[in-house]
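The values are calculated or read from the model by the stated rules, or taken from the named source; none is laboratory data. In this text the structure is predicted, and so the values were computed from the model without any measurement. Cβ: placed from backbone, ideal geometry, glycine included. Neighbour counts: every protein chain shown.
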């Protein structure tokens, strides 16, 4: 049916094929256990509606940002960083001559519990693309209020992400389920495909091995 075809197209736009030994920047800004399961099992979970809507908003940025400040901007810029045989990979929303702009389409534009995770994401893009300035752009997807936050302390945030990446790599190479930053916030568990697995692991010691 045409309805099923259209639905599958929407669901497909936010799915990625993960290359071997690849960690996404977003893996390092969310629950480490979820990242572990996705990488270890080479999973591609079905995206939530909010994720699909955010992707559609990102497609519109090329048309929206046509002012002088963004006349030389490049969109969806891929970047990477090597850690031994592994690679951290990301894609910056908007890159200008001297800055990174990362857009988040959320409900509300005030600083919230998720903002530090977004800051870390921007800092990673700044370091990998060698840009001095980074900005987090929060857009309320209901009324389109906009708040622009400058990201500082990129070096410190990047060092933390590299440390987390090494922890995650160690758990994958020597299969042990991580408990560190798993999850960072309770709301990360909502609608997570691994929720039932984690529920049954509750109370186990860090480093439980896969059977």
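The table for this structure:
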{"item": "Residues within the range 177-202 that are more than 13 Å from residue 31 (Cα to Cα) and either surrounded by 13 or more Cβ atoms within 10 Å (Cβ to Cβ) or modelled with pLDDT of 85 or more (or both), tallied", "result": "3"}
{"item": "Criterion (at pLDDT below 90 and not in a helix (DSSP H, G or I)) met by exactly one of 8, 44", "result": "44"}
{"item": "Single residue of the range 52-73 satisfying the filter (exposed (fewer than 13 other Cβ atoms within 10 Å of the Cβ) and not in a helix (DSSP H, G or I)) that is modelled with the highest pLDDT", "result": "72"}
{"item": "Residue ID - modelled with the highest pLDDT, chosen from residues in the range 114-146 that are more than 15 Å from the chain's Cα centre (by Cα) and surrounded by fewer than 15 Cβ atoms within 10 Å (Cβ to Cβ)", "result": "130"}
{"item": "The range 147-176: number of residues that are at pLDDT below 90 and crowded, with 17+ Cβ neighbours inside 10 Å", "result": "1"}
{"item": "Matching option when the condition is closer than 27 Å to residue 33 by Cβ and outside any helix (DSSP H, G or I), among 181, 127", "result": "181"}
